[in-house]
Structure formats: C-alpha cells, structure tokens
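The values are calculated or read from the model by the stated rules, or taken from the named source; none is laboratory data. What you are looking at is a predicted structure, and each value in this text was computed from that prediction instead of being measured. As a convention, Cβ positions derive from the backbone with ideal geometry for all residues, glycine included, and neighbour counts pool all protein chains shown.
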Amino acid sequence: MKVSFMWLLEAKAILSRGIFGADPYTGEKVEPAKNLPASMFRHLRRVIKAVNDELEIGAPEHKEFIAKWAVEGKFPEPDTENYAEFEPAYQEFFFTPDFIIEFSPFKLELLDNLNEKVPVDLMNLMDGMNEAYEQSQKVAHEDNPSTGDTDKAAIKPQADA
C-alpha cells in the first residue's frame, strides 16, 4: 500500500494511542485498546513497526524540509511572501504517496464478540487499510487477469497411457 508521509505520522499517532496508551502529540496517557485478540494485537504491532521503519527512511528529508521552511518552529502563513513557494513543496512532501507499507488485511470479524470498546480512530485505520488492500488487489487483478484456459493438459487421463 502506497502512503504519504502525513499518513505515516497519523497512523503512528493512532497506533500509539490504541496500542500503547500514549498520545504522541500531547504526551498524555489515554486508554489503550485492551483485551484485543492476540493475533490482532500482533498484527497492529507489525503495522506500527512498518510505519516506524518508513518514518526512519523519511526522517532525513523531513529534517531538511523543516530546516528549509520552518521559522521559529512555524511554517509560513498564507499572507507571507514565500507562501507561494512553500505550499506546493508542503503538499508534495507530506501528501504524495512515496512510502510503501506491506501488510495483510485485518480480520475484523475477531472483534465481533469482543466485549470491549475499540477506539474509533483505530477501527477507522484498520477499515481504511483493509479497503486499500482490497483496492490494490482489484487493481493488480485488472492489470494481470488470469485466463481459465491456460491449462493445456488432456481432459480425461488415460489409464493405459
């Protein structure tokens, strides 16, 4: 699944709150999703590891972007003279899907009988990733359709052959 740098940042925040119970923006403790099925918890841990790995890859470019555009910790405002140059660079860096997250779909049916409330943003993330996975599979199938008549073997095997 191709994702943007901004998606990686948001996914990390959602996963940090949902799994670890820590809000990375405020540093506050929040209630994590407890008692998730073990397989789902491991799956979420693999996703956050993949997100962190991709963020590490983008970190040097992110530092360069911040060094170039941030003045006293803030990006240019729309009424400043260099905003016309900043806006396209911002959109390209943060919202162009340049990163790839490999994952298998979440088995959300495991949550059907769970007696615990799963955070909405965590559910939305899992739903969105499943939809993106299904879409990528559909596109891959359209790019490489299989044909049913590729097998050229005999229709009925002969016992005396």
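Filtering T96, T80 for residues that are in contact (Cβ under 8 Å) with a residue 40 or more places away in the chain, surrounded by 11 or more Cβ atoms within 10 Å (Cβ to Cβ) and either over 20 Å from the mean Cα position of the chain (by Cα) or farther than 30 Å from G21 by Cβ (or both) leaves a single hit, T96. Looking at the stretch 99-128, which of the residues that are among the aliphatic types (A, V, I, L, M) and under 21 Å from F5 (Cα atoms) is nearest to the chain's Cα centre (by Cα)? Among them, the one singled out is I101. Scanning the stretch 75-99 for residues that are within 21 Å of K63 (Cβ to Cβ) and of a type in the set (S, T, N, Q) turns up N82, Q91, T96. Annotation note: Cβ proximity below 6 Å between a residue of the stretch 15-32 that is within 18 Å of M126 (Cβ to Cβ) and surrounded by 14 or more Cβ atoms within 10 Å (Cβ to Cβ) and a residue that is charged (D, E, K, R) and modelled with pLDDT of 90 or more (sequence gap 6+ or interchain) occurs for G21/K29.
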